[in-house]
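Below is one structure, written out as structure tokens; the observations come after it.
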Amino acid sequence: MLPILLLKILATFASKSILMVQYVAPSLLSADFNNLARDIEMVNQSEADWFHLDIMDGVFVPNMSYGFPVVEHIAKLAKKPLDVHLMIIDPDRYLERFRDAGANILTVHWEACKHLHRTVTEIKKLGMRAGVSLNPHTPVEFLSDILPELDLVLIMSVNPGFGGQSFIENSYSKITRLRAMIDEIGCSTLIEVDGGVGPNNAAKLYQAGANVLVAGNAVFKAENPSETIKTIKTIKTIKNG
Ligand code: DX5
Ligand code: ZN
């Protein structure tokens, strides 16, 4: 009885400390591609934790972005982990190539995978951290049987495909529900939020249970991108004082 109680206390403590993690991942989709090296260096020098890279195939989402040569170029200049968000159908075909291009964290969409468990297992076998992303209409409860296997869950707070869209308010409820599921299991899965995120909603998102905030327009269209990254990262919530 006592060991079980101890384990529960430890699990609660562990999940509470994960709650304290506030990471920022600037999305290079909104960077100035004529000055990409300059923008990458800005992120290197900033308080950002990861680079967020958006890969779009024009099929899963109604837009295309960039592919392997650009990812390789970014990887050469980046001094922080590459958090690669695949908005592509049948991602299994390209897992190894993204690893070789420099991805450290690889996130696939729930809606794009027939055998999600196999895909997640393969990503981890290739030495990357595995993430699963959910479109705004996909309930977090669909992840209940795979959650302990995941390094992160990426909640899309806009319909994927474009930067600069408005944040969907229902995302707060999804984050709260997912945080409760993670704490109940006691696993260390991170919650990442992507779309319409910036200094105006960062505190509320961390408060709801998010750990990693992706910001594209809010960072790269800001007067002072580096300062904006710092604001998002260090913003105070009631939980962390
Ligand atoms: C959208 C991408 C996002 C995008 C976010 O499909 O997944 O990462 O760059 O851009 P903002 O922060 O401008 O909404
Ligand atoms: Zn993204």
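The values are calculated or read from the model by the stated rules, or taken from the named source; none is laboratory data. Everything quoted here is computed from the prediction, not taken from an experiment. Note that each Cβ is placed from the backbone with ideal geometry, even for glycine, and that neighbours are counted across all protein chains shown.
Summary of values
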item	result
Within the range 186-223, considering residues that are free of Cβ contacts under 8 Å to residues at least 60 places away in the same chain and β-branched (Val, Ile, Thr), the one farthest from Pro148 (Cα to Cα)	Val197
Condition check for Glu141: in a helix (DSSP H, G or I) and within 16 Å of ligand 1 (Cβ to nearest atom)	no
Evaluation of Asp90 against (1) surrounded by 17 or more Cβ atoms within 10 Å (Cβ to Cβ); (2) of a type in the set (Asp, Glu); (3) in contact with a helix residue (DSSP H, G or I) (Cβ under 8 Å, 6 or more places away or on another chain) (one fails), failing number	(1)
Test: Ile155 is within 25 Å of Thr231 (Cα to Cα), touching a strand residue (DSSP E or B) at 6+ places or on another chain (Cβ under 8 Å) and not charged (D, E, K, R)	yes
Every pair of residues 6+ apart whose Cβ atoms lie under 8 Å, when the first sits in the range 145-158 and is within 16 Å of ligand 1 (Cβ to nearest atom) while the second is part of a loop (DSSP other than H, G, I, E, B) and among the hydrophobic types (A, V, I, L, M, F, W, C)	Ile155/Ala210; Ser157/Phe167; Ser157/Ile168; Ser157/Val197; Val158/Phe167; Val158/Ile168
Residue check, Ser226 surrounded by fewer than 17 Cβ atoms within 10 Å (Cβ to Cβ), over 19 Å from Ile55 (Cα atoms), in contact (Cβ under 8 Å) with a residue 12 or more places away in the chain and within 12 Å of ligand 1 (Cβ to nearest atom)	no
The range 27-61, subset aromatic (Phe, Trp, Tyr) and under 18 Å from Asp194 (Cβ atoms), residue surrounded by the most Cβ atoms within 10 Å (Cβ to Cβ)	Phe51
Selection from the range 84-102 of residues that are of a type in the set (A, V, I, L, M) and over 14 Å from Leu116 (Cβ atoms)	Val84, Met87, Ile88, Ala101
Pick from the range 179-203, criterion charged (D, E, K, R) and under 17 Å from the mean Cα position of the chain (by Cα), ranking: nearest to ligand 1 (Cβ to nearest atom)	Asp194
From Asp32, Asp39, residue being at pLDDT 95 or above, out of contact with any Lys or Arg (no Cβ under 9 Å at 6 or more places or on another chain) and on the phi < 0 side of the Ramachandran plot	Asp39
Single unsatisfied condition, Ala130 versus (1) within 23 Å of Asp54 (Cα to Cα); (2) in contact (Cβ under 8 Å) with a residue 40 or more places away in the chain; (3) of a type outside the set (Phe, Trp, Tyr)	(2)
Wholly enclosed helices (runs of 4 or more DSSP H) of the range 180-241 bearing at least 2 residues within 21 Å of Pro139 (Cβ to Cβ)	202-208
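The rows are residues; the columns are (1) crowded, with 24+ Cβ neighbours inside 10 Å; (2) within 16 Å of ligand 2 (Cβ to nearest atom); (3) of a type outside the set (A, V, I, L, M, F, W, C); (4) under 20 Å from Phe60 (Cβ atoms).
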| position | (1), (2), (3), (4) |
| --- | --- |
| Ser133 | no, yes, yes, yes |
| Ile168 | no, yes, no, yes |
| Ala180 | no, no, no, no |
| Glu184 | no, no, yes, no |
| Lys230 | no, no, yes, no |
